[in-house]
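K.L.:
Would you mind keeping the following structure in view while I ask a few things?
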Amino acid sequence: MNEPAWGDDPPVHRRVAVVGLGNVLLGDDGLGPFVVRHFEARYDYPPWVSVSDLGTPGLDLVPFVADATALIVVDTILLDEPPGTLRLYRQEQLLAAPRGQRLSPHDPGLVETLQMLAFCGDGPREVLLVGVVPHLCAPRPGLSAAARAAAEQAVEMVAEELRRMGVPLIQRLQPLEADIFWERSLVREGEAQ
Amino acid sequence: MSKRIVIDPITRIEGHLRIDVEVEQGAVKDAWSSGQMWRGIEPILKGRDPRDAWLFTQRICGVCTTVHAITSVRAVENALGIEVPLNAQYIRNIIIAAHCLHDHIVHFYQLSALDWVDVVSALKADPDKTAALAESLSAWPRNSKHEMRAVKAKLAEFVERGQLGIFANGYWGHPAMKLPPEVNLLAVAHYLQALEYQRIANQVVALLGSKTPNIQNLAVGGVANAINLDNPATLNMDKLYKIKGLLEQAAAFVQQVYLVDLAAVAAMYADWLPYGKGVTNYLAVPDLPLDRAGKVFDLPGGTIFDANLSAVQEIKSFDDPYFRDNVSESIARAWYDGDWERHPWEEETVPRYTDYDPNGRYSWVKAPRFQGKPMQVGPLAQVLVGYALGHEPIKRWADVVLETAGTLAKAKLSPAILHSTLGRHAARGIRAAVMAELALKHWQLLVENIGKGDTEIFTPWDYPKGEIRGFGFHEAPRGTLSHWVVIRDGAIANYQAVVPSTWNAGPRDAKGQKGPYEASLVGNPIADPERPLEVLRTVHSFDPCLACAIHTLDPEGRELARVRTL
């Protein structure tokens, strides 16, 4: 798939969504939010690209994905590979995976969102998953060394895929400071707001 | 002979609720509800700045972000003893109402309708008859023959191509599925429309919260939405009218589609009305404050014990000692160190995992109690409390649902049927209809207040030295949510969140009293133990949310949860 997802669509119809998924309070599960916030700090991109840290939205993913022509998801993945392993998945691989029984209504996630949108005739035409195998997802904010190293590569992988799609990116000469509030030290300095 | 059914998430992806039921002679004899993952979020907050607490608590759960953010700022404001400006109350209230509309619509259509609707059966429907039926029930303009034919064609194409993925987890052809094909087709049509309207409701949250799902506009003491009607970068008339238009669209869907579908499902599953009652002690808190201090509200709160509506006791303010002094949590049957039942300010969260033992400890969920009693929380609790207190909009919309369902079922339905699995669904729809109305009312209040020249959005404050304590509550889509904070010299010394799904999914306590999920499952019929649809119906009716604390994707598709019969 080397053609941009929007084919010959005029620019006004292009919309690319980059979303980071995961729980920032649970160690490496916060990788997705960490990567997209660093991407935002490092690159400038056109207004038709949206970059969002969505946490763990379940089906609340729908509003962010429905209008996008192309979607890049960054998340941790379950895989029997060493922590920090980085993988790129494409739409066909994601949709081919079998699904199990729902128990909690909040089980649905990315795959269900995409299938649902496909049924409505909406949804992105190109979907990529940038996935990293986590080391530890336990209740303590902050990434492990393995995940942090992979996060660096993941930021560049997102940039590379966007460029491949034809998105003009500008690397900031002076990167902004990424707001990783969950890694902030305990008590803030200064006055009450 | 009895048989044990276990519905158990076997991977750590998302599913963290395990339900065990003992089945004898085709019905549930006993049940156990177990949270399979330690949340342990509270210790993360210790030592942090209370101004940051809401940023962290809105990450507890990815679906309930907004509700934890709002409850957290209320708890810290309560500890500081500060009032917030009227504009801040109204803006928070509109966010609360819009988020609730989004959440209730998604819950019914996308998350639980398939427990009652057989999608495959919809293929046998006559679309013209479907449209005729729909038009006889509601004035909704999108129930036409054209619309129903198009949905049926789309569904047929999907089935033919083997792409029924979204519906792949349904129990097609299960003996407990009873809707006629036309009603199933109507439900599929509205399932698709619901996707549009939940997005519309979500746009309101995004416009005011600046981002969703994790809103950015809160502050301890108010909101960060600068108001200047002439400035394109702030909250201005253009944005306000956009919000009004979106709320009106969501309200029309709730009142003309969601509520009518609920009445139809309840009427056609009238045989299910006796099931799922469970715990009939109810707790709801007041919400949508109309004043700065939180003493006057548009949504009522209170307690009901043993289904006795005439003895309802009201919860009257953000500082009401009746709520503050009566909440406790028991860990007698949960995997924590000790066997105490304590007030949230006095709790500690020290995990101590032992094996799953239904006669001993079997859950990570604590067992919250009010005056030592298990309580059911959620839309049903609020609707019953409101009904008992004579709250006009709740009574009016409840009567609409009961009358519509009664006409279809050809029976007189009284509010007593609401103590049930279907009653929880009906109450959620009633609450959504009330919320839709109140969202527009609070929009009006905000616009009028700004019109008077009031643009205040924030109350300045300072930390006192020494120790202060506070609590904040919010009637969230899944029910009563409370946060409890102890602040010492400007840093968090203790923080506890007592969440709706803890009230409902909690285990037994030291006295052996069952939690609401457990009690509501007892007596449910089980037609086929290999496919326990009935268990899912009752558990889903609570809108459980234990599952969203962690979210690792499984791109190679392993089993999400499985059903085992022993």
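The values are calculated or read from the model by the stated rules, or taken from the named source; none is laboratory data. Source: prediction; values computed, not measured. We place every Cβ from the backbone using ideal geometry, glycine too, and count neighbours over all the protein chains shown. For the accessible areas, the whole protein counts, side chains as well, though only heavy atoms, and no ligand, DNA or RNA atoms are used. Shrake-Rupley method; radii C 1.70, N 1.55, O 1.52, S 1.80 Å.
K.L.:
Kindly provide the set of residues from the range B:477-490 that are away from chain A (no Cβ under 14 Å) and under 17 Å from B:Thr502 (Cα atoms), ordered by number.
P.N.:
Applying the first criterion (away from chain A (no Cβ under 14 Å)) to the range B:477-490 yields B:479-486.
Passing the criteria: B:Gly479, B:Thr480, B:Leu481, B:Ser482, B:His483, B:Trp484.
K.L.:
If I ask for residues that are more than 14 Å from chain B (Cβ to nearest Cβ) and either at pLDDT 90 or above or assigned to a helix (DSSP H, G or I) (or both), which ones from the range A:1-17 would you list? It would help to see each step written out before you state the result.
P.N.:
Pass one, the range A:1-17, residues more than 14 Å from chain B (Cβ to nearest Cβ): A:1-16.
Hits for the range A:1-17 are A:Pro11, A:Val12, A:His13, A:Arg15, A:Val16.
K.L.:
Tally up the residues in the range B:292-315 that are surrounded by fewer than 18 Cβ atoms within 10 Å (Cβ to Cβ) and closer than 25 Å to B:Asn78 by Cβ, please. Spell out the reasoning first.
P.N.:
Pass one, the range B:292-315, residues surrounded by fewer than 18 Cβ atoms within 10 Å (Cβ to Cβ): B:292-293, B:295-296, B:305-311, B:313-314.
Now drop any that are not closer than 25 Å to B:Asn78 by Cβ, which leaves B:292-293, B:295-296, B:313-314.
Residues that pass the stated criteria total 6.
K.L.:
Quick test for you: out of B:Leu384, B:Leu422, pick the one residue that is in a helix (DSSP H, G or I), touching a strand residue (DSSP E or B) at 6+ places or on another chain (Cβ under 9 Å), within 22 Å of B:Tyr282 (Cβ to Cβ) and in contact (Cβ under 8 Å) with a residue 60 or more places away in the chain.
P.N.:
Details: B:Leu422 fails: touching a strand residue (DSSP E or B) at 6+ places or on another chain (Cβ under 9 Å).
Exactly one residue qualifies, and that residue is B:Leu384.
K.L.:
Right, here's the next one. In the range B:125-135, what residues are over 14 Å from B:Pro180 (Cβ atoms) and either open to solvent by less than 90 Å² (accessible area, probe 1.4 Å) or in contact with a Phe, Trp or Tyr (Cβ under 7 Å, 6 or more places away or on another chain) (or both)?
P.N.:
Quick first cut of the range B:125-135, residues over 14 Å from B:Pro180 (Cβ atoms) only: B:128, B:131, B:135.
Those that are over 14 Å from B:Pro180 (Cβ atoms) and either open to solvent by less than 90 Å² (accessible area, probe 1.4 Å) or in contact with a Phe, Trp or Tyr (Cβ under 7 Å, 6 or more places away or on another chain) (or both): B:Asp128, B:Ala131.
K.L.:
Looking at the range B:152-171, can you tell me whether even one residue there is at pLDDT 90 or above and either within 10 Å of chain A (Cβ to nearest Cβ) or part of a loop (DSSP other than H, G, I, E, B) (or both)?
P.N.:
Restricting attention to the range B:152-171, the residues satisfying the condition of being at pLDDT 90 or above are B:152-156.
Going one step further and asking which of them are either within 10 Å of chain A (Cβ to nearest Cβ) or part of a loop (DSSP other than H, G, I, E, B) (or both), we end up with B:154-155.
For the range B:152-171, residues at pLDDT 90 or above and either within 10 Å of chain A (Cβ to nearest Cβ) or part of a loop (DSSP other than H, G, I, E, B) (or both): present.
K.L.:
Examine the range B:342-350 for a residue that is open to solvent by less than 30 Å² (accessible area, probe 1.4 Å), part of a helix (DSSP H, G or I) and farther than 18 Å from B:Val279 by Cβ, and state whether such a residue exists.
P.N.:
Scanning the range B:342-350 turns up at least one residue that is open to solvent by less than 30 Å² (accessible area, probe 1.4 Å), part of a helix (DSSP H, G or I) and farther than 18 Å from B:Val279 by Cβ.
K.L.:
Taking the range A:104-132 as the search range and keeping residues that are at pLDDT 90 or above and open to solvent by less than 10 Å² (accessible area, probe 1.4 Å), which one is farthest from B:Gln198 (Cα to Cα)?
P.N.:
A:Val132
K.L.:
Now, a different point. What number of residues within the range B:176-226 are outside any helix (DSSP H, G or I) and not basic (Lys, Arg)?
P.N.:
Within the range B:176-226, the first condition is being outside any helix (DSSP H, G or I), and the residues that meet it are B:176-180, B:210-226.
Next cut, not basic (Lys, Arg) only: B:176-177, B:179-180, B:210, B:212-226.
Matching residues across the range B:176-226 total 20.
K.L.:
Right, another one. Looking only at the range A:128-158, which residues are farther than 26 Å from A:Ala17 by Cα and either within 14 Å of chain B (Cβ to nearest Cβ) or in contact with a Pro (Cβ under 8 Å, 6 or more places away or on another chain) (or both)?
P.N.:
Going residue by residue through the range A:128-158, those that are farther than 26 Å from A:Ala17 by Cα are A:135-136, A:138-140, A:144-146.
Listed by number, the residues that qualify are A:His135, A:Leu136, A:Ala138, A:Pro139, A:Arg140, A:Ser144, A:Ala146.
K.L.:
I need a count of the residues in the range B:75-120 that are charged (D, E, K, R), within 20 Å of the chain's Cα centre (by Cα) and closer than 22 Å to B:Lys441 by Cα. It would help to see each step written out before you state the result.
P.N.:
Residues of the range B:75-120 charged (D, E, K, R): B:77, B:83, B:92, B:103, B:115, B:118.
Within this subset, residues satisfying the condition of being within 20 Å of the chain's Cα centre (by Cα) are B:92, B:103, B:115.
Filter again for closer than 22 Å to B:Lys441 by Cα, leaving B:92, B:103.
Matching residues across the range B:75-120 total 2.
K.L.:
Scan the range B:287-319 residue by residue and report those that are assigned to a strand (DSSP E or B) and free of Cβ contacts under 8 Å to residues at least 40 places away in the same chain. Let's see the steps before the verdict.
P.N.:
Initial filter on the range B:287-319 (assigned to a strand (DSSP E or B)): B:287-289, B:297-299, B:302-304, B:313-314.
B:Phe297, B:Gln313 - these are the residues of the range B:287-319 that are assigned to a strand (DSSP E or B) and free of Cβ contacts under 8 Å to residues at least 40 places away in the same chain.
K.L.:
Can you tell me which condition B:Pro351 does not meet? The list is (1) at pLDDT 95 or above; (2) over 29 Å from B:Leu438 (Cα atoms), and all the others hold.
P.N.:
(1)
K.L.:
Residues being of a type in the set (Ser, Thr, Tyr), within 29 Å of A:Gln174 (Cβ to Cβ) and part of a loop (DSSP other than H, G, I, E, B): count how many of those fall in the range A:44-60. Write out each step before concluding.
P.N.:
So in the range A:44-60, the residues of a type in the set (Ser, Thr, Tyr) come out as A:45, A:50, A:52, A:56.
Add one more test, that the residue is within 29 Å of A:Gln174 (Cβ to Cβ), and what stays is A:45, A:50, A:52.
Then drop every residue that is not part of a loop (DSSP other than H, G, I, E, B), which leaves A:45.
Qualifying residue count, the range A:44-60: 1.
K.L.:
Can you confirm whether A:Gly30 is assigned to a loop (DSSP other than H, G, I, E, B), of a type in the set (Gly, Ala, Ser) and modelled with pLDDT of 90 or more? Write out each step before concluding.
P.N.:
Working: assigned to a loop (DSSP other than H, G, I, E, B): no; of a type in the set (Gly, Ala, Ser): yes; modelled with pLDDT of 90 or more: yes.
So A:Gly30 does not fit the description; no.
K.L.:
If you check B:Ala206 against the conditions, is it free of Cβ contacts under 8 Å to residues at least 24 places away in the same chain, at negative phi and at the interface with another protein chain (Cβ under 9 Å from one of its Cβ atoms)?
P.N.:
Working: free of Cβ contacts under 8 Å to residues at least 24 places away in the same chain: yes; at negative phi: yes; at the interface with another protein chain (Cβ under 9 Å from one of its Cβ atoms): yes.
Yes; evaluated as a whole, the condition is true for this residue.
K.L.:
Among the residues of the range B:351-385, which ones are surrounded by fewer than 23 Cβ atoms within 10 Å (Cβ to Cβ) and small (Gly, Ala, Ser)?
P.N.:
B:Gly360, B:Gly372
K.L.:
Sticking with this one: Among the residues of the range A:67-78, write down those that are at the interface with chain B (Cβ under 7 Å from one of its Cβ atoms) and over 15 Å from the mean Cα position of the chain (by Cα).
P.N.:
As a first pass, look at the range A:67-78 and keep what is at the interface with chain B (Cβ under 7 Å from one of its Cβ atoms): A:75-78.
Of everything in the range A:67-78, just one residue is at the interface with chain B (Cβ under 7 Å from one of its Cβ atoms) and over 15 Å from the mean Cα position of the chain (by Cα), namely A:Leu78.
K.L.:
Still on this structure, I have one more. Go through the range B:21-50 and report how many residues are at pLDDT 90 or above and either more than 10 Å from every other protein chain (Cβ to nearest Cβ) or surrounded by 18 or more Cβ atoms within 10 Å (Cβ to Cβ) (or both).
P.N.:
At the first step, the residues of the range B:21-50 found to be at pLDDT 90 or above are B:21-33, B:45-50.
Narrowing the set further to residues that are either more than 10 Å from every other protein chain (Cβ to nearest Cβ) or surrounded by 18 or more Cβ atoms within 10 Å (Cβ to Cβ) (or both) leaves B:21-33, B:45, B:48-50.
The qualifying residues number 17.
K.L.:
Just checking, which of B:Asn236, B:Asn281 is surrounded by fewer than 18 Cβ atoms within 10 Å (Cβ to Cβ) and more than 14 Å from chain A (Cβ to nearest Cβ)?
P.N.:
So the residue among B:Asn236, B:Asn281 that is surrounded by fewer than 18 Cβ atoms within 10 Å (Cβ to Cβ) and more than 14 Å from chain A (Cβ to nearest Cβ) is B:Asn236.
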